[in-house]
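Everything below concerns the one structure shown next.
The values are calculated or read from the model by the stated rules, or taken from the named source; none is laboratory data. Given the structure is predicted, the values throughout are model-derived calculations rather than measurements. Glycine gets a Cβ as well: all are built from the backbone with ideal geometry, and neighbour counts include every protein chain shown. We work out accessible area using only protein heavy atoms, side chains counted, and drop any ligands, DNA or RNA first. Shrake-Rupley method; radii C 1.70, N 1.55, O 1.52, S 1.80 Å.
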Amino acid sequence: MFIFVYMKDKNFLYITTSTILFLLLLAIHAYYFYNSYLLKQKDIVNTVHSQLSDLEEQVPYFEDSTNKEDEILILFSKFQRKEISYDTITEYFRDKNSKTSPRISAYIDSLFQKQGYQVALKKELINLIALPSGDTLLKKPLAMYQTDTPINEARTVTEGKWITSSSNSEFDLIDYDNHSRKEKPNFHFQITRITTYDIANLNTVVLLELIPLILSSILILISVSLLYYLTYKNLVKHRLESIILHDIVDNIAHEFKTPLATLKIASKTLSKGGSLEILPLIDRQINRLENILKPIHEDYEPSTYQEPFQQQEIIDLCNDFAFSNPEVRFETKMVIQKIPILQHIEIQTILSNLISNSVKYGGKIIEIHVNSQVRGLEITITDNGIGMEPVEIKHILKKFYRIQKNNIQNTKGLGLGLFLVNKIVLKYHGTITFKSKINSGTVVKINIPYED
């Protein structure tokens, strides 16, 4: 028993350790994949950023000849002096944006077409403050140009803040809106502009470039999972084999007790010059021992045909108990009209375990009733033994359970008898019930339905 528990705990330890290691491997793969994803994402973002950082200096047509900075500043100077409305300013920027943006979109798309990046770019005038009054002239940022691809997550390419001013100058040769040089407006502004970008398909591009890493990780995890499953399956198989072997040994040891006890008494009786009736008794016990040993033979094949047991077998079994327990009075009553499909060894196991329990726990009068009922065979064993408390009844069918009260544990046994009986009853979809009272005895009733 100790070895079995040790093996069970050891298998549990192996399974738990393997599971933890597999989860750790999964976590490591997830961690490195996540870091690879972030590094690849950062690499792509840096590549795009470096190509966009000096874009305006390399491509002069980003702002055409009419979209000069002074023109914008003069426009805001007029707005400051309330010569034009704010709607005029917004309309001006909307018109310039519609003219410039298609050209910007085409260029950006061609610039990153080879890499497959969908890059969005946007330049905005986000703040303009009149100096020295400090008045803010912008109600909201105004787009100077932007690509057709929208920006979802804005990343900064360039951002600048500077102060610019202009005054009437005899050296200034530019004609601003047909004004004379003396009428040229004065302005003094603090300007803030920002250029932002985004890679619309960044996640898709990163995942596509990481496909080899993803596939190799999945392959490794599948291989480890398969090995884990095969190992676990093998452990379960060996554990089940150990359980089956352990059960066979326990069952055989338990089933041997009654025939061996009967044979010992028969042997003593023969040595004292017993009658010839003892010889059939010895033969029956030898047959029972042979039937018990049959399932563990290598060449054993269970028969597909189950011959119903005979009434005489029950009578013989009760007579054998009466012979080996002369101090106990056995009262047998049988009315069997229809027999359910039960193997010889099974009916013997049921009766021998129930009767031996009655004898073991103090029964001096044991009644054995086997009757055919409407729906099945009813077996009732009644004794006047020491009985048991109702709280024990819900546990007595458990494997290896022994009643631990009233010094009952002093009786010998493995705690397998009722477990084996219940196993046979459940096999045939039957029922087993107990009624017991301390110092008054126990009644065990079993119903086994007919095959139909």
Kindly provide the set of residues from the stretch 423-443 that are among the polar types (S, T, N, Q) and either open to solvent by less than 30 Å² (accessible area, probe 1.4 Å) or at pLDDT below 90 (or both), ordered by number. S436, N439, S440, T442
Enumeration of residues in the stretch 109-139 that are touching a Ser or Thr at 6+ places or on another chain (Cβ under 7 Å) and either open to solvent by 40 Å² or more (accessible area, probe 1.4 Å) or without any contact (Cβ under 8 Å) to a residue 40 or more places away in the chain (or both): Q118, K122, I126, N127
Quick check on R94: is it of a type in the set (D, E, K, R), under 30 Å from V206 (Cα atoms) and open to solvent by 60 Å² or more (accessible area, probe 1.4 Å)? no
Checking the conditions here, which among E153, E159 is acidic (D, E), in a strand (DSSP E or B) and open to solvent by 70 Å² or more (accessible area, probe 1.4 Å)? E159
Within the stretch 309-368, how many residues are open to solvent by less than 40 Å² (accessible area, probe 1.4 Å), assigned to a loop (DSSP other than H, G, I, E, B) and closer than 19 Å to I396 by Cα? 2
Under 6 Å by Cβ, and 6 or more places apart or on different chains, what pairs join a residue from the stretch 377-391 that is in contact (Cβ under 8 Å) with a residue 40 or more places away in the chain and among the charged types (D, E, K, R) with one that is open to solvent by less than 40 Å² (accessible area, probe 1.4 Å) and part of a helix (DSSP H, G or I)? D383/S358
Members of the stretch 80-128 that are over 15 Å from L52 (Cβ atoms) and among the hydrophobic types (A, V, I, L, M, F, W, C): I84, I89, F93, A106, L125, I126, L128
Return a yes/no flag: does the stretch 141-152 have any residue that is under 58 Å from the mean Cα position of the chain (by Cα), farther than 28 Å from T88 by Cα and of a type in the set (A, V, I, L, M, F, W, C). no
Would you call I292 of a type outside the set (D, E) and modelled with pLDDT of 75 or more? no
Report whether or not K42 is open to solvent by 50 Å² or more (accessible area, probe 1.4 Å), modelled with pLDDT of 90 or more and under 27 Å from T196 (Cβ atoms). yes
The lone condition Q190 fails out of (1) more than 60 Å from the chain's Cα centre (by Cα); (2) modelled with pLDDT under 85 is (2)
Does any residue of the stretch 200-221 turn out to be more than 30 Å from Q113 (Cα to Cα) and loosely packed, with under 12 Cβ neighbours inside 10 Å? yes
Test result for L23, modelled with pLDDT of 80 or more, hydrophobic (A, V, I, L, M, F, W, C) and surrounded by 10 or more Cβ atoms within 10 Å (Cβ to Cβ): yes
